[in-house]
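None of the figures in this text is laboratory data; all of them are computed from the coordinates on show. The shown structure was predicted, so the numbers you read here are calculated from the model rather than taken from an experiment. Every residue, glycine as well, gets a Cβ built from its backbone with ideal geometry; the counts of neighbours run over all protein chains shown.
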Amino acid sequence: MKNILLLFTTIIIIGVCLFLFILKQSATQTSCNTPTPKLICGTINYATTNSQQAVDGKKLFNVNCAACHKLDKKMVGPALRHLGKKYNFISLKNHLKDKKASLKSKTYNTSCLVFKHLSDKDISNILSYTE
């Protein structure tokens, strides 16, 4: 009987430790596995140099766009720096909300995902961040 109680207690303790370890690991992950870079001399800090609109746009970009896009580097999709200069707001809004209104690309064989949950203000904030 003591062996069964000892075994049961050991299993409970190991289970609790494993649960706490997994919980701690998931709490330390960043969005899209891209950590916030350290600011060095010459690095643009959007939190201090741009409007609140650009700060909100950066958060939206990291959640919705950063898996496929970077600002200055081609990935699965094109680099999005100065996106507002390349396309107007209405064509971008239609592209992000409707798959049929997708912008044509000769370089990439796929089009961007549909983001119906993004409001016009959200898209405007993302554009502010990409400038």
- [ ] Treat the count of other C-beta atoms within 10 Å as a stand-in for reagent exposure and order K86, K70, K24 from fewest to most.
- [x] K24, K86, K70
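Arrange T130, T10 by Cβ neighbour counts within 10 Å, fewest through most, would you? Intermediate results must be reported in sequence, preceding the final value.
Details: T130 21, T10 10.
Neighbour counts put them in this order, fewest first: T10, T130.
Please sort 75-84, 13-22 by packing, taking for each peptide the average over its residues of neighbouring beta carbons within 10 angstrom, highest first.
Numbers: 75-84: 15.2, 13-22: 10.0.
The most tightly packed comes first, giving 75-84, 13-22.
Holding the Cα-Cα limit at 32 Å, pick out from K24/K85; K74/K97; K73/K116; K86/K116 the pairs that are longer than that. Let's see the in-between values first.
Working: K24/K85 43 Å; K74/K97 22 Å; K73/K116 25 Å; K86/K116 22 Å.
Pairs exceeding the cut-off: K24/K85.
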Task: Where labels lie 7 Å past Cα in the beta-carbon direction, separation of I12 and Q53 in nm - done: 5.9 nm
